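The values are calculated or read from the model by the stated rules, or taken from the named source; none is laboratory data. Keep in mind the model is a prediction, meaning the values are calculated, not measured. Cβ sites come from the backbone with ideal geometry, for glycine too, and all protein chains shown count toward neighbours. Protein only, heavy atoms only, side chains kept; ligands, DNA and RNA dropped before computing areas. Shrake-Rupley method; radii C 1.70, N 1.55, O 1.52, S 1.80 Å.
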Amino acid sequence: MLFSKKSVILAGLVFTLLPLASCANTPFAERFERSLAADPRLTNTPNAGPSSPTPTGDNVQLPADFPSDIPRYPGAELLAVIPADLSTTAASGQATESRWRTPDRADQVQQFYRDILRSNDWRILQPTADNPTPESADESADIVAERSGIRLTLSVTPSSTPVPAPGSGTDFTLSYSQSDPNLASSPTPTPTSGGVIASSSVPQPGDPNFVGPLPQSGATPRPTQSEPATPTAAPQTFSDLSQAPEELRSYIEDLAKLGVLSTNSSSREFKPNAIATRRDYARWLVAANNAIYRDRPAQKIRLGVNTDEPVFRDVPRNDPDFAAIQGLAQAGLIPSPLSGDATTLTFRPDAPLTRENLILWKAPVDVRQTLPNATVQAIQETWGFQDANRIDSRSLRAVLADFQNGDLSNIRRAFGYTTLFQPKKNVTRAEAAAVLWYFGTQGDGLSAKDALAE
């Protein structure tokens, strides 16, 4: 039989290695093994360049003291973190850098931070009023802003193409420094709608005596053990409600009279057409529910207290909205590790609120029971939404439950008649308020107007 050249070579290797295997403990075998080992000079040679200060890729994590006030771009991947003592990019003082990547365009990143920083009352230092940067200006221009002693700089790498190629995306850097090194560990005071900081004598979020809604100026002093009491919110007056869509204006006015739309700002503006953040909605959801059901303790959402172990990594005990967000998670009203969603480790409090999350968090508070099973087909047959297949699987059940509420459904109240749900679209503050105007189902619910009449 003729053997191919390849077969001969393979056979030769087999016959060569068999004797070696039979004498694995001999000096010859040890020398042979060492000859095949990697050169130790290659594995132990120190890196000629500077070493990376933190892991990158899947292992990189934000520092434990990363300020919760800094908004994070939705869906962005954290690439690296450079601590303050290694950073040389800060204009003044030392700054910590966090480097990110997103599949979105650079101009989308810039627009997101322009909108969210303004909505969250950051003071924009760059661009300035004297030297404004147009919306269509060079997308590589930095944005510099300050809030609560934090100085934030956004630097974006311009996109080389109108639409980033798959796997490329846009890189950007968030550099931040704090004027007070103890700021990260100090609770942030909660401004009231009238610009008066709540006194330390008033129960604050996280205090076992705090039941909500958020304390306003003139709130009841902290009760003693012999005199249990619930702080009451003062009516709010906003100067810009004329800017709200006419169909939604009355909802905002009623909730403002209940004093539940706290803005964490001394301004008298509600900014109805600005994008609502996840923390805004969580705070208002708890405050509105507890104010409307103030005479029904069993219907209230219990707030988290400062002895609770934080459910989310990015909502520590000193976060101004810890009590509300923690309370929602502990009640199982939002996805979290407590509700069996082991992948939801962060809350992203400053990310924009989307329509599907607006309904996902509200529907369980309305029906007060297990949400119905739902399919894309069921949503198409009931709501008639053309984009039902784009709704997150968890939100499908909430959307179907909301349909069963008829004309009192949250979707109809906030968005009117529509055949497109647009689940990923950001929600305005006015739309969020409209949803929170009524709690319950048809024939068994209360509105903010009902609560004001009592």
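Tabulated data
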read-out: Residue match in segment 235-255 (condition: among the basic types (Lys, Arg) and either in contact with a helix residue (DSSP H, G or I) (Cβ under 8 Å, 6 or more places away or on another chain) or under 19 Å from Ala434 (Cα atoms) (or both)); value: yes
read-out: Given (1) among the hydroxyl-bearing types (Ser, Thr, Tyr); (2) under 27 Å from Ile275 (Cα atoms); (3) more than 20 Å from the chain's Cα centre (by Cα), number of the condition Ser395 does not satisfy; value: (3)
read-out: Selection status of Thr344, more than 15 Å from Leu285 (Cβ to Cβ), at pLDDT below 95, within 22 Å of the chain's Cα centre (by Cα) and crowded, with 17+ Cβ neighbours inside 10 Å; value: yes
read-out: Close pairs (6 angstrom Cβ cut-off, 6 or more residues apart or separate chains): modelled with pLDDT under 95 in segment 424-446, open to solvent by 30 Å² or more (accessible area, probe 1.4 Å) anywhere; value: Gln442/Leu408
read-out: Residue, most open to solvent (accessible area, probe 1.4 Å), within segment 353-404, restricted to residues that are within 22 Å of Ala282 (Cα to Cα) and not in a helix (DSSP H, G or I); value: Gln369
read-out: Residues (closer than 21 Å to Ala363 by Cα, assigned to a loop (DSSP other than H, G, I, E, B) and aliphatic (A, V, I, L, M)) located in segment 245-297; value: Val260, Leu261, Ala276
read-out: In segment 317-335, the residues that are under 14 Å from the mean Cα position of the chain (by Cα) and surrounded by fewer than 21 Cβ atoms within 10 Å (Cβ to Cβ); value: Pro335
read-out: Filter result (surrounded by fewer than 21 Cβ atoms within 10 Å (Cβ to Cβ) and modelled with pLDDT of 90 or more) within segment 259-273; value: Glu269, Lys271, Asn273
read-out: Filtered residue count, segment 138-179, keeping only those that are at pLDDT 65 or above, assigned to a loop (DSSP other than H, G, I, E, B) and open to solvent by 70 Å² or more (accessible area, probe 1.4 Å); value: 1
read-out: Residue within segment 347-365 that is without any contact (Cβ under 8 Å) to a residue 12 or more places away in the chain and closer than 20 Å to Asp65 by Cα present; value: no
read-out: Subset tally (residues that are of a type in the set (A, V, I, L, M, F, W, C) and either in contact with a Ser or Thr (Cβ under 7 Å, 6 or more places away or on another chain) or open to solvent by 10 Å² or more (accessible area, probe 1.4 Å) (or both)) for segment 415-454; value: 7
